[in-house]
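Everything on this sheet refers to the single structure shown next.
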Amino acid sequence: MDSSGLTLDRRIRSLRRPKARVDAYAAHGSLLEEERRPGGKIERALTVFLTGAECPFTCSFCDLWQWTLDGPTPSGALTRQLESVLEARNGQAPDREPRDREARDGVTRDDRTPDRLKLYNASNFFDQRAVPAEDLLGIAKLAAPFDAITVESHANTIGAKTLEFARRIPGRLEVAVGLETIHPAAAAQLNKRLDLARFDSAARFLSDNDIDLRVFVLLGAPYVPVDETVAWTVRTVEYAVKRGASVVSIIPVRGGNGELERLQALGHFTPPTLSQLEESLDHSLQFTSAVLTADLWDVDRLPACEHCRAKRVERLRRVNVSGRAESRVACDACGAE
C-alpha cells in the first residue's frame, strides 16, 4: 500500500466513533431465515455473525468495523463461537442482535438442521489474521451437517485457502464478495482496493473450482450522481450476474461512520431512499439466472413516506423470498403508485 492509501485509511478511521465492546469468544448474533436459491428452492439458513479481526481494507462506506477486534483473532476463538451457537440453537431465537450486510428476512424458528450455514465475520474468511488456520479446520468439522456453507471474502483474498476449505467441507461452498459498484469514478473512491479485473479473476477462480459466488452491490455509493443511482445499481447487478453470481444482494449504504457524513457535507454522498431500493430490485428481477434480493437491515432508516412504508417493506420481503415481481404499493398521501 502506498503512502496515499495509508493517509486515506487514517482519515477514515479518525472519523469513526468508538467500537462496540465485543467478546473474542462469543459470536455477536445468529438467526434462522428462509432464503431462495436459483431454481426456486427455498433453503433454511442459519446465519452466524462471528467476532474477529477487523478487515484490513478500510472502505469508505463500511460500518462492520464496529463489531470487530482491534487485533488478530485468537486461534481457536471462532471455532468456540460456532460451537456455542450450534449447541445453544435448538430452535430458540437468537439472544443477541445480529449485525451484518444482508437482509434479516424470513426469520424462522426450527430445531431441525438447516440446509445452509452462513458465516459472516465482518472481514475476510481467507485472511489468516481474521480466521487462523486452526479455525479453518475446526469450522470445517462443525460445518459437516450442512448441505452448503457461505462465507465472506474480499476478492483479493480468494485463492489457495479458499480451495483448501472447499475440499475440507462435505457441503457446497459459496463465497460472498463485495463488488459494490462498477461506476468508474465511484469505484475508484471507495478505498476498497478492488478493480474489475481482480473481481473477474476471483469470479473465474470460483467458477473453475465449482464454488458458488454471492455478490453484494451498493445502492447509493458515494460519488454516484443521485439521478443515476438506480441505473448504476442495476448495471452493477447485471455485471455480477454475467460473471456467474448465483445470489446478488442490493445493500443501501448506511451512514454513521463519519466518512460518509463528511462526503455528504461535500455533496459527494446522498443517503439512498426506500423508493430507490424498490426500483433497483424491480429492475434487477429481469436477470433471472440469479436470485436478486433487497437488503432490509435498518430499512427504517431509509427516507420514505410513513403512511405506506410498512406495506412497501413487506412487499420487498415477499419479493425477496418469491422472486416474483409485484405491483408497487399505491399511496394517496405521497402519490406513490
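Some observations on this one:
- Eligible lysines near LYS192 by straight Cα distance, threshold 28 Å, same-chain separation 8 or greater: LYS19, LYS118, LYS161, LYS242
- Nearest-20 debye value, the range 152-230 charge dipole, Cβ charges on Lys, Arg, Asp, Glu: 360
- Across the chain, C-alpha contacts under 8 Å between residues 6 or more apart give a mean separation that, scaled by the residue count, equals a relative contact order of 17 percent.
- If the Kirkwood radius is taken over C-alpha pairs of the chain, then at 10 °C and 1.306 mPa s the Stokes-Einstein diffusion coefficient equals 78 µm²/s.
- Peptides 299-311, 190-202 ranked from most to least packed give 190-202, 299-311, packing being the mean of other C-beta atoms within 10 angstrom over each peptide's residues.
- At a Cβ-Cβ separation cutoff of 4.7 angstrom, cysteine residues of the chain with no neighbouring cysteine are CYS55.
- Accessible area per residue in Å² at 1.4 Å probe, computed on the chain: 43
- Cα gyration tensor category, rounded, prolate or oblate, for the range 176-232 with a/c compared to 1.5: prolate
- Sulfur and carbon atoms: percent of accessible area, the chain [1.4 Å]: 48
- Label point distance in nm, LYS311-ASP332, each placed 7 Å from Cα along Cα→Cβ: 1.1
- Size of the range 253-313 from its Cα atoms: along the principal axes, largest to smallest, the extents are 38, 30, 18 Å.
- Sorted on the mean count of surrounding Cβ atoms within 10 Å across their residues, most packed first, peptides 135-145, 232-242, 316-326, 287-297 read 232-242, 287-297, 135-145, 316-326.
- Spin-label pair ARG10/ASP147, simplified geometry with 7 Å Cα→Cβ offset, distance in nm: 5.2
- In the chain, helical runs assigned H by DSSP with n ≥ 4 each contribute -39500 (n - 2.57); averaged across all residues and rounded to the nearest 500, the mean residue ellipticity at 222 nm is -9500 deg cm²/dmol.
The values are calculated or read from the model by the stated rules, or taken from the named source; none is laboratory data. Just so it is clear, the structure is predicted and the values come from calculations on it, not from any experiment. A quick note on method: Cβ atoms are made from the backbone with ideal geometry, for glycine too, and the neighbour counts reach across all protein chains shown. Calculation scope for accessible area: heavy atoms of the full protein, side chains included, ligands and nucleic acids excluded. Shrake-Rupley method; radii C 1.70, N 1.55, O 1.52, S 1.80 Å.
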